[in-house]
Amino acid sequence: MLPTRLGLVAGALLVAAGFLAPDALLERRARRRAERFVEALPDALDMLAVGAASGRSPATVFSEISNGTSGPLAAELGSAVAQIECGAPVRDALEALRERVPGAEVGALAAAIERSRIYGSPLADQLHVQATGLRRDARRRIEDRAARAAPKIQLVVALVLVPSVLLIILAAIVAHSGALLAGL
């Protein structure tokens, strides 16, 4: 349908897009999954802190979280619970979780549980502090996204809305030009 030269260029672009698009889409899905994981983590940390304060083990609370919610966090915690139920130590299950989910958040959770296990430090306090920090980081990301949106909104107003209002005014002037010129 396209001229020969343009057809060759379009074909080359389609081949390049077919080669690069799956990786880009997969990377986007992985990034979104990691974002959803981190978004759900503060609430899970609070639930884990309450469970730890009441004397329940992290594995029990992980099981409750994975059975009571949905999403990537629940799926990953469910995998960790399955490993623990099969006889793996909590430390190894958390290390496997850390390998599956990149990011410092899971590493901090694993380190807090390990510190609590080794040194007997109160786990609930550490988890509450970590949850508060994650919420603060999320709020900062939202504020940054909102700050970047303001110039985009101004651009839309300047390039779309103002000219459209001017065109409406111009149309009204043209429509009533006979009445305006008759008065002269």
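Computed from the coordinates by the stated procedures, all read-outs in this text should not be read as laboratory data. This structure is a prediction, so every number in the text was calculated from the model and none was measured. No Cβ is skipped: glycine too gets one built from the backbone with ideal geometry, and neighbour counts run over all protein chains shown.
Per residue, how big is the convex hull of segment 111-184 when only Cα atoms are used? Give it in Å³.
Per residue, the Cα convex hull of segment 111-184 comes to 107 Å³.
For segment 83-140, what number results from the quotient of the Cα radius of gyration and 2.2 N^0.38 Å?
Working: Rg = 12.6 Å, N = 58, 2.2 N^0.38 = 10.3 Å.
So segment 83-140 has a normalised radius of gyration of 1.22.
Helix 58-68 against the longest principal axis of the chain: what's the angle in degrees, Cα atoms only, rounded to the nearest 10?
40 degrees
Show me, for segment 76-92, the HN-Hα J-couplings you get by feeding each phi into the Karplus relation (A = 6.51, B = -1.76, C = 1.60, θ = phi - 60°), rounded to Hz, glycine and proline as x.
5, 5, x, 5, 5, 5, 4, 5, 5, 5, 7, x, 6, x, 4, 4, 5
Based on Cβ point charges of +1 for Lys and Arg and -1 for Asp and Glu, what charge dipole magnitude is obtained for segment 4-149 about its Cα centre, in debye rounded to the nearest 20?
Around 600 debye, computed over segment 4-149.
Of 130, 83, 154, which is the most mobile in a GNM of the chain whose springs link Cα atoms less than 10 angstrom apart?
Maximum fluctuation in the GNM of the chain, among the listed residues, is at 154.
If I fit a long axis through the Cα atoms of helix 162-175 and take the longest principal axis of the Cα atoms of the chain, what angle between them do I get, 0 to 90°, rounded to 10?
The answer is roughly 30 degrees.
Considering only 150, 16, 49, give the residue with the highest GNM mean-square fluctuation for the chain, with springs between Cα atoms whenever their separation is below 10 Å.
In this elastic network of the chain, the residue with the biggest mean-square fluctuation among 150, 16, 49 is 16.
Binning every alpha carbon pair distance of segment 38-98 at 5 Å from zero, what are the percents per bin?
Reading the bins upward from 0: 4, 21, 31, 28, 15, 2.
Separation between the residue 140 and residue 50 pseudo-spin-labels, each 7 Å from Cα along Cα→Cβ, expressed in nm?
2.8 nm
Averaged over all directions, how much area does the convex hull of the C-alpha atoms of segment 49-146 cover when projected, in nm²?
On the way: hull surface 26.8 nm².
For the Cα atoms of segment 49-146, the hull's average projected area reads 6.7 nm².
What relative contact order, as a whole-number percentage, does the chain give when Cα pairs under 8 Å and 6 or more residues apart are counted?
It comes to 20 percent, rounded to a whole number.
Would you calculate a helix-derived [θ] at 222 nm for the chain, using -39,500 (n - 2.57) for each DSSP H run of n ≥ 4 and dividing by the full residue count, to the nearest 500?
Result for the chain, helices only: -29000 deg cm²/dmol.
Once the convex hull of the alpha carbons of the chain is built, what does its volume come to per residue, in cubic angstrom?
Numbers: hull volume 46.1 nm³, N = 184.
It is 250 Å³ per residue.
Between residue 36 and residue 125, how high is the FRET efficiency from 1/(1 + (r/R0)^6) when r is the Cβ-Cβ distance and R₀ = 25 Å? Nearest 0.05. List each step's numbers first, then the result.
Values: r = 27 Å, r/R0 = 1.07.
Once rounded, the FRET efficiency stands at 0.40.
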